[in-house]
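Scroll down for the structure; my scribbles are underneath it.
All of the numbers you see were taken from the coordinates with simple rules; none came from a lab. The shown structure was predicted, so the numbers you read here are calculated from the model rather than taken from an experiment. Cβ sites come from the backbone with ideal geometry, for glycine too, and all protein chains shown count toward neighbours.
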Amino acid sequence: MAYSEKVMEHFANPRNVGEMEDPSGVGEVGNSKCGDIMRMYIKVEGDVITDVKFMTFGCGAAIATSSMATELVKGKTIKEALTLTNKAVMEALDGLPAVKVHCSVLAEQAIKAAVSDYYTRQGIDPVSIVGVLEECEDCHDVEEE
């Protein structure tokens with residue numbers, strides 16, 4: 001299985017790693033089959049994600065997709081961040097092997113979970129904005145579009 005140079009770079013030198021003190025929202029997602037667990041922290045000021053950090057337990061692709069997802073949403077409005085797709089994460093990394101596509105799905109879900117938590121902390125029902133967050137039980141079955 002071959003990884004792109006960008007995947008290797010984000011794995012070897014991940015951006016925005018760590019926990020965040022006093023986050024505006026925290027999202028954690030995981031896949032029990034592969035063991036990948038991602039936790040995303042966001043800091044929101046106004047309607048903009050001013051800071052984002054992650055902690056990921058998983059394979060190199062999980063770390064790389066977490067890192068890239070944080071780069072793609074940092075400085076964006078919440079609305080813009082919610083448009084992030086696993087396909088966009090994969091494209092930004094110049095692709096992933098088919099058996100690692102589930103990592104990009106988890107990264108997308110972790111961002112949405114953090115935004116959902118942000119709205120919940122604001123006393124706003126996140127479902128109408130973020131949608132229903134589904135468990136990624138069979139992420140390995142997700143196909144690259």
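Quick notes on this one:
- Computed from the alpha carbon positions, the gyration tensor of the chain leads to an equivalent ellipsoid with semi-axes of 23, 16, 13 Å, biggest first.
- Only Lys, Arg (+1) and Asp, Glu (-1) charged, at Cβ; the chain dipole about Cα centre in debye: 320
- Each residue in Thr56, Thr77 was given a count of other beta-carbon atoms within 10 angstrom of its own, and listing them fewest first yields Thr77, Thr56.
- Straightening the chain between Met55 and Lys6 buys 15.7 nm, computed as 0.36 nm per residue apart minus the Cα-Cα spacing.
- Euclidean distance between Cα centres, region 32-59 to region 99-118, Å: 8
- Helices of the chain meeting both criteria, an alpha-carbon length of 24 angstrom or more along the long axis and an average Kyte-Doolittle score not below 1.6, with helices taken as full DSSP H segments, do not occur.
- Note on the chain: with a GNM built from Cα contacts shorter than 10 Å, the maximum mean-square fluctuation among Arg121, Arg15, Arg39 falls on Arg121.
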